[in-house]
Amino acid sequence: MVRCGCALMRKYGNFIDNLRIFAKGGSGGMGYPRLGGEGGRGGDVWVVAHKNMTLKQLKNKYPQKRFVAGGGANSRVSALKGSKGKDYEIPVPVGISVTDENGNIIGELNKEEDRILVAKGGLGGKLHTNFLPLKGQRRIIHLDLKVIADVGLVGFPNAGKSSLLSRVSHATPEIADYAFTTLKPELGKIMYNDFKQISVADLPGLIEGAHMNKGMGHKFLKHLERTRQLLFVVDISGFQLSSVTPYRTAFETIILLTKELELYKEELQTKPALLAVNKMDLPGAQVKFDKLMKQLQSPEDFLHLFDKNMVPEKAVEFQHIVPISAVTGEGIEELKSCVRKSLDQQDDKDKDAHHRKQLLSLRVSSAAS
């Protein structure tokens, strides 16, 4: 197994993950009736993905959140065909989903330089408009960021995700004994001695019913869609959100987390997953861990203890299960090694799949010719 060596975290801090903005295409230019001249078309408004951009930077730079393209030039004697108005490009981060005011998806920006037209410019004045220009399209759009990271941390509040992050990465996220410490996602990178980098998204804690948008609900779950792998973090002692909610054992916690992911979007269950069992420094933790391993090896023997609506259709198969203590550091090096090994294996599978696809494409081309 590859050992990680020292790793440190570049902490990018809390960030804005959605923004509502106004976009307006430029108005067309006036036509020239006497000479049949056509006015220039208004400029368009585009949303363009930039690698080092954030929604927070966009909001700070353009606090009014209004983006208007240039108007088309009027037709005149020296230039009967008016020139097109200047386009406006709104810089946004990679990983943005663009929707209209009704929630309809306009498009997604998944890589640098991807672009989406969000507001068309108006036509210039011409014969069929009586040489009168048309106004540009006006639109309110929503920019929704889904985190793109190698690993997404999954766990109920107070499972120790922030403590774990500080251990594996030298970051200093807010850590406390109350449940919701992480209120917004935080992004960072674990950097290895051989310059390998693994990005980690520390996300707000789930609660039961998140798929129904309870608590942080969809705000949390949407970010998991764009992580390559999931790292479940559970407290070996179990979890209880408050005195009026039921206590859940570590095994029950895993089953409930799995169910929440399934109810939100079944595709999340196809992602490779690892399990970190935290707080192994507590008294009696080893006995509880041995019991948990027995339950995870034969989950079907214990699922009859759950309400039917709590049982997922498919249990998560963890590639690695690592007992850790974020407080003492127990198991942290092994966990980092497992995370890297799992991602390396996924890279190899992705490469093989790509090569097979290329080979099939070549065969189809050869057969066609």
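Numbers for the structure displayed
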read-out: Hits in region 80-96 - residues which are of a type in the set (A, V, I, L, M), touching a Phe, Trp or Tyr at 6+ places or on another chain (Cβ under 8 Å) and within 13 Å of residue 67 (Cβ to Cβ); value: 90
read-out: Verdict on residue 56 being at pLDDT below 95, charged (D, E, K, R), surrounded by 14 or more Cβ atoms within 10 Å (Cβ to Cβ) and over 30 Å from residue 133 (Cβ atoms); value: yes
read-out: Residue count, region 34-73 (criterion: in a loop (DSSP other than H, G, I, E, B), out of contact with any strand residue (DSSP E or B) (no Cβ under 6 Å at 6 or more places or on another chain) and more than 17 Å from residue 125 (Cα to Cα)); value: 5
read-out: Identity of the residue in region 95-151, small (Gly, Ala, Ser) and not in a loop (DSSP other than H, G, I, E, B), that ends up farthest from residue 33 (Cα to Cα); value: 149
read-out: Identity of the residue in region 20-46, under 27 Å from residue 92 (Cα atoms) and of a type in the set (A, V, I, L, M, F, W, C), that ends up most open to solvent (accessible area, probe 1.4 Å); value: 46
read-out: Selected residue [touching a residue at least 60 places away in the same chain (Cβ under 8 Å), more than 22 Å from the chain's Cα centre (by Cα) and open to solvent by 20 Å² or more (accessible area, probe 1.4 Å)] from 244, 287, 316, 327; value: 327
read-out: Top-ranked residue in region 232-241 [being under 25 Å from residue 269 (Cβ atoms) and open to solvent by 20 Å² or more (accessible area, probe 1.4 Å); ranked as modelled with the highest pLDDT]; value: 235
read-out: Single unsatisfied condition, residue 189 versus (1) surrounded by fewer than 22 Cβ atoms within 10 Å (Cβ to Cβ); (2) at pLDDT below 80; (3) more than 22 Å from residue 347 (Cα to Cα); value: (3)
read-out: Residue tally, condition open to solvent by 90 Å² or more (accessible area, probe 1.4 Å) and within 22 Å of residue 230 (Cα to Cα), over region 346-369; value: 2
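The values are calculated or read from the model by the stated rules, or taken from the named source; none is laboratory data. This structure is a prediction, so every number in the text was calculated from the model and none was measured. Note: ideal-geometry Cβ built from the backbone for every residue, glycine included; neighbour counts use all protein chains shown. We work out accessible area using only protein heavy atoms, side chains counted, and drop any ligands, DNA or RNA first. Shrake-Rupley method; radii C 1.70, N 1.55, O 1.52, S 1.80 Å.
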